[in-house]
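Step one of this worksheet: look at the structure below.
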Amino acid sequence: MMKHWILKSAQTVASVACVGAALAAAPAAWAQAAWPSKPIKFVAVFPPGGSVDQVARILAVPLSQQLGQNIIVENKGGASGSIGAAAVAASPADGYTFAVVFDTHGVNPSLIPGLPFDTRKDLAAVSLIGTSAMVLATFSGSEYKSFGDVVAAAKAKKNVNYGSIGSGSLGHLAMALLSKSGNIDWQHVPYKGGGPLMADAVAGHVPLSIGSVFVTKPHIDSGRLRPLAVTTSKRVPDLPNVPTVAESGFAGFDAPAWWAILAPAKTPPEVLKRMNEEINKALKTPEIAKKLDAQGIDIVGGTPAAADAFIGKQIDIWAKVVKDNGIKPD
C-alpha cells in the first residue's frame, strides 16, 4: 500500500511539474504567436516603377526593421488599381496582407461598374501616407502665360485641349470639375500614362498637360514646360512661385493625388493600430521623409480614422464628378 501511495505521489508531482512548465512556457508561446510572427505582404496595386510601387518599397525597409519581419512587395496592377485592391479585400484578415493604393482607389467605385468588392465595407484604412499636387503646365513656346489665360481662351471657345494620363484619372476629373463649376469648355486628350503625356507636352503636340509634380517637375526644371497652376489648396514647396487653382479664381478648389495603406476589413483592431503606429514612426524618420519628398509626396500620416474620413470624402467628391460629366474608363 505504501509503495502504491509513493508511486501515486510521484505521478502527481510529475503532473504538477508538467503543468507548471507548460504555464511557464505559455507567455513565450503567446509572444511567438503575437503579431507579426511571419512575413507581411504589401500589394502595390500598380505595376513596378510607378509611384505606388515606390511608396511600397520605400516603406517596406523601415517597417521590416521595426516589426522584425520581412515585408514582401507584390505588384498586382490592372483596372486602375482595382484588381490589386480586390485581391487584398478577399485575403484573410489576419494582418499579413495590406494594399498600397493611389488616388484612383477613390474614383474606381463610381467609374468601374461591377467592382468585385465594396470599397467602403471590405477594406479598412490603416494610414494616409501623403498627398501631392498635380500641375497644369504648358510647353515653353505656348501663348499661355497663366492659368487665367487658359480660362479666357476656353471661354472664348478657342478649342483648348489638355492631356492627362488617362480617362478617369484624377487629372481628368479635376479638369472636368473645373469645367463644370466654371462653365469652361475644354477638351480632354487621354494618354496611356505619364511618359507618353510628357513626350507630347514638351513637344507642344498637346497645348496643356495635367500630371503629378513627380512626372512634371523635371520638364519644368529643364525649361521645356511652363507651370501654370497646382491643384492643391496650398502652394507646393518644390514650386513656390506657382499659384494654386484656388488662387486663380476657383476658391476652395483642392484636388490632391494621394497614397494610402489599407487592410482587409475584419483585420483585428490591435493589428491596425500597431501597423498605423509603425507607419507613422517610419514617416517621421528623415531618410524616409527625404525619399518620399523626392517622389513629390507631402507626408500626412495620422490615425486610421482620419485616413478613412479622407478616403470617404474623396469617393463622394469624384462620384459626383463622374456622374455629372458622364465619364467612362478607357
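Details
- Residue in the range 188-202 that is more than 24 Å from Pro47 (Cβ to Cβ) and outside the structural domain of Thr104 (by TED's automatic domain parsing) present: no
- Residue list for the range 131-152, filter: touching a residue at least 24 places away in the same chain (Cβ under 8 Å) and either within 17 Å of Ala263 (Cα to Cα) or among the hydrophobic types (A, V, I, L, M, F, W, C) (or both): Ala133, Met134, Val135, Leu136, Ala137, Phe139, Phe147, Val150, Val151
- Qualifying residue in the range 50-70 (condition: assigned by TED's automatic domain parsing to the domain that holds Ile315 and touching a Leu at 6+ places or on another chain (Cβ under 6 Å)): no
- The residue of the range 199-243 that is nearest to Gly163 (Cα to Cα), among those that are touching a residue at least 24 places away in the same chain (Cβ under 8 Å) and among the polar types (S, T, N, Q), is Ser209.
- Qualifying position, being over 28 Å from Ser91 (Cβ atoms) and within 15 Å of the chain's Cα centre (by Cα), among Asp293, Asp308: Asp293
- Across the range 65-108, the number of residues qualifying as closer than 25 Å to Lys320 by Cβ and outside any helix (DSSP H, G or I) comes to 4.
The values are calculated or read from the model by the stated rules, or taken from the named source; none is laboratory data. Small disclaimer: the values here were computed from a predicted structure and weren't measured. For neighbour counting, all protein chains shown are included, and Cβ atoms are generated from backbone atoms with ideal geometry for every residue, glycine included.
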